[in-house]
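Worksheet for the structure shown next.
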Amino acid sequence: MSRKRAFDRDAVLEIALLEFWRHGYESTSIASLTAAMGIRPPSLYATFGDKRQLFDEVVERYRRYDFSARALAEEPTARAAIARTLREAAIDYTDPGHPPGCMIFSAAVNVGPESADVREAMRGIREAGKAALAARIASDVAAGLLPEGTDPEALALFYSATVQGMSTQARDGATRRDLERIAELAMLVWPGEREPAPDGHPGRVPG
């Protein structure tokens, strides 16, 4: 008969997430993980595989709460989506209930050549987010909601850099209000947005 697992898988996975978030991929060892999770190394390997496999599962768990993806899916315009993303970043990145900042931005910044694949995986996630934002902005340009000369890639790059900078600032001790001020200033560069007309055609620029 197989031996029943003596720990809550979801609970220890959440602990592993916090360890990787707090210390980064390379600085988080199997010894520190098992100590924090309250399990022995054989149990970790049997349940999650090796450290990289555990990290991959942690990343997928973390991404379930991606507020930027939700904002892009739920808000009516790209401007509303990025404004919401910046507001929620200010709240989430300074939440005392977990490590500051964003794990996707910070977990694989300082890694050696042996962990280059982890760094590239995190970069791939960030690039996908940037591409999704650029596509949403381009859609608004095509719909006539933004001026024809709007550069979707440049705007997506700017706001992605803003969110990434907010994460770094939070890790350096910035407060929620500090990040809210960054968010407010960042929205000042958004190009004039048009209001949709009742018939669905481009309307006027507000104000």
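What follows draws every value from the coordinates through simple rules; no lab data is involved. Since the structure is predicted, the reported quantities are computational estimates derived from the model, not experimental observations.
Some points to look at:
- Cα shape, region 66-189, gyration tensor, a/c 1.5 rule: oblate
- Cα gyration tensor shape for the chain, rounded if a/c is under 1.5, else prolate or oblate: prolate
- Across GLU114, GLU57, GLU180, mean-square fluctuation computed from a Gaussian network of the chain (C-alpha pairs under 10 Å connected) peaks at GLU114.
- Relative contact order, whole percent, for the chain stands at 20, derived from Cα pairs under 8 Å and 6 or more residues apart.
- Separation between Cα centres of region 148-163 and region 63-94, rounded to whole Å: 15 Å
- For region 9-62, the square roots a ≥ b ≥ c of the C-alpha gyration tensor eigenvalues yield an a/c under 1.5, which makes the shape rounded.
- Most mobile listed residue (TYR45, TYR25, TYR159) in the chain, GNM with C-alpha springs under 10 Å: TYR45
- Considering only ASP95, ASP66, ASP140, the Gaussian network model of the chain with Cα springs below 10 Å gives its largest mean-square fluctuation to ASP66.
- Calculated [θ] (222 nm, deg cm²/dmol) that DSSP helices of n ≥ 4 give over the chain, each run adding -39,500 (n - 2.57): -19500 deg cm²/dmol
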